[in-house]
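Input: a single structure, listed below in structure tokens.
The values are calculated or read from the model by the stated rules, or taken from the named source; none is laboratory data. From a predicted model like this one, the values you see are computed outputs, not experimental measurements. Here the Cβ is made from the backbone with ideal geometry for all residues, glycine too, and neighbour counts use every protein chain on show.
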Amino acid sequence: MLAESAPWYLPAMIGLTVAWIAAPYVSQKMTQEGRLWNAYVWAPIILAVGLLLHRCQTIWSLDQRSREVGLVLGGASNFTERVQLLFNGQGGLEGAYLSVLIFAALCPRLPSLRNVKPRQQEEVQVRIMAHTGWWALLLATLLFPVEAYESLTSIPLQPTQALPGWSVFGSILICTLLLVMSGEIVASSAMLAHSRATTLLFQRAILKIVILLPLAWWLLWNMEPLSTSWWDRPDQHSLETLALIVISYATMVCFVHAPAAWFERSLGVTKNQSWSLGLTFLIVVACLFLTSRWMVGQLEGTESGMNPWLRAFGVTAAFSLFATAVMYLPSAGFDAAYRPELWWLRWALILILPIGLWFSNNVWVLLPGIFLAGGATLLLPWQIETHQHEMFKQRTLTMLAGAVILGVAIFVAAPNMLVATTLSASVLAILSVIFSKMGSHWLSGEPS
């Protein structure tokens, strides 16, 4: 198997993809040397193609040393079963990985970018490449578990695992599309003032995610993440865990980052920006603490007394330290947003889940609070600060009051964690849509 015959292969492929993180900083010099840039872009794609071909060869030859073949297919299977395993097993994840890489390499050919200058195409591409590199780093252990590439030490006489159904391929496909579209939003949101083409790319990506997210959440319900069996060992339910991370990320990018990037320039510079940031941060932390305490209380076997409170305090404190650290990034030059500190606070909320899972599974208890806190960061600055859009300020107060009432109702009535998480995401989506609709009416609708 690959882990024994070429142990360098997976680290090389992932490492070359992670190197894309530096694309915005090295592209200008690399593109002057065409071959060097082509190698930088296409090397991880070539390795990903080789990985997928190796998977095809292993399944088609019924290599019993392969974990998938030995445990699922056994020594005999028909053509349909082999295709089904290829698309719904580890091969499906490898194909998704390859698809995301190819999209990043070919994104300058998107319909929205065909008629723009090559330099602007390159700026979008390097941002999408950097987005892909970061996610390759964050999801490497979920996408490519070591045991999937190791030989079986003992080959069973009969298959011991059921053949995965086609719903698995549907979940992989939707998560791949959501990750690609989120990358489009993140890349184009930094260039809204550059041209109509990037604005069109931004708007089309939002529309596609809005259409796809309801189906994604429906599929997530069928997977039943956050259930008791899932909580016992979330690392063993890699597909459910991966889907929950990507769908939550796409939800936050679409309903928090996108409207903030579009409308926040209308806030302008005010005297009480520091007060607004500090109060928003405190409200976000309070929201995360209370919701995570509720989530901890839903876990079976959770001790009574102070332990649930301490567990909730621990994950909230971890977020607070992470958010405080990233909000210092503008002083290091990462300050291109209209409100850089507030921008980084939102991204702390968006990224705490995939980054925190490297250290502890306890960060899952923050999930419903992340959605509600994301909505708060969208609305609170308009309510706290003094600006010229007073009519819009009055309407955000009504929205905040409604959000508080709905949030309390969710955690009073929700029977389990998945229901609470889904309803919290629904509240965020409703707030974001109303906010965007009102913003288009009361604020300037086009980026300057």
Residues in the stretch 196-216 that are free of Cβ contacts under 8 Å to residues at least 12 places away in the same chain, closer than 20 Å to Arg114 by Cβ and under 18 Å from the mean Cα position of the chain (by Cα): how many? 1
Could you tell me whether Ser248 is among the polar types (S, T, N, Q), in a helix (DSSP H, G or I) and assigned by TED's automatic domain parsing to the domain that holds Leu380? no
Quick check: is even one residue across the stretch 133-141 among the β-branched types (Val, Ile, Thr) and either touching a Ser or Thr at 6+ places or on another chain (Cβ under 7 Å) or over 30 Å from Gln236 (Cβ atoms) (or both)? no
Residues in the stretch 109-147 that are of a type outside the set (Gly, Ala, Ser) and under 19 Å from Ile21 (Cβ atoms) total 19
Elements of type helices (runs of 4 or more DSSP H) contained in the stretch 337-448, each with 1 or more residues being among the acidic types (Asp, Glu) and assigned by TED's automatic domain parsing to the domain that holds Thr291: 340-356, 390-413
Answer yes if at least one residue in the stretch 162-176 is in contact with a strand residue (DSSP E or B) (Cβ under 9 Å, 6 or more places away or on another chain), touching a residue at least 12 places away in the same chain (Cβ under 8 Å) and in the same structural domain as Ile128 (by TED's automatic domain parsing), and no otherwise. no
Take the residues in the stretch 81-140 that are within 20 Å of the chain's Cα centre (by Cα) and among the hydroxyl-bearing types (Ser, Thr, Tyr); name whichever of them is surrounded by the fewest Cβ atoms within 10 Å (Cβ to Cβ). Ser99
Within the stretch 407-414, does at least one residue satisfy the condition of being closer than 18 Å to Val253 by Cβ, within 27 Å of the chain's Cα centre (by Cα) and buried (at least 17 other Cβ atoms within 10 Å of the Cβ)? no
Residues that are surrounded by fewer than 22 Cβ atoms within 10 Å (Cβ to Cβ) and either assigned to a helix (DSSP H, G or I) or not polar (S, T, N, Q) (or both), drawn from the stretch 195-205: Arg196, Ala197, Thr199, Leu200, Gln203, Arg204
Qualifying position, being surrounded by 15 or more Cβ atoms within 10 Å (Cβ to Cβ) and in contact with a helix residue (DSSP H, G or I) (Cβ under 9 Å, 6 or more places away or on another chain), among Ala12, Ala23: Ala23
Any residue in the stretch 109-138 that is in contact (Cβ under 8 Å) with a residue 40 or more places away in the chain sitting within a Cβ distance under 7 Å of a residue that is aromatic (Phe, Trp, Tyr)? List the pairs, counting only those 6 or more apart or interchain. Met129/Trp20; Ala130/Trp20; Thr132/Trp20; Gly133/Trp20
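Rundown of residues vs (1) out of contact with any helix residue (DSSP H, G or I) (no Cβ under 8 Å at 6 or more places or on another chain); (2) at positive phi; (3) polar (S, T, N, Q); (4) at pLDDT below 90, yes/no style:
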position	(1), (2), (3), (4)
Gly183	no, no, no, no
Ser227	no, no, yes, yes
Gln236	yes, no, yes, yes
Ser248	no, no, yes, no
Phe263	no, no, no, yes
Only listed residue being more than 29 Å from Ser266 (Cβ to Cβ), basic (Lys, Arg) and modelled with pLDDT under 95, chosen from Arg293, Arg339: Arg293
Thr386 under 26 Å from Trp294 (Cα atoms), surrounded by fewer than 19 Cβ atoms within 10 Å (Cβ to Cβ), modelled with pLDDT under 90 and among the hydroxyl-bearing types (Ser, Thr, Tyr): no
Among Leu192, Leu157, Leu137, which is at negative phi and not in a loop (DSSP other than H, G, I, E, B)? Leu137
Pairs, please: C-beta under 7 Å, at least 6 apart or cross-chain, first residue surrounded by fewer than 24 Cβ atoms within 10 Å (Cβ to Cβ) and in the stretch 284-297, second β-branched (Val, Ile, Thr)? Val285/Thr316; Phe289/Thr316; Val296/Thr302; Val296/Val365
Single condition Ile247 does not satisfy, out of (1) in contact (Cβ under 8 Å) with a residue 40 or more places away in the chain; (2) over 22 Å from Asn361 (Cα atoms): (2)
Residues that are among the aromatic types (Phe, Trp, Tyr) and free of Cβ contacts under 8 Å to residues at least 60 places away in the same chain: does the stretch 399-414 have at least one? no
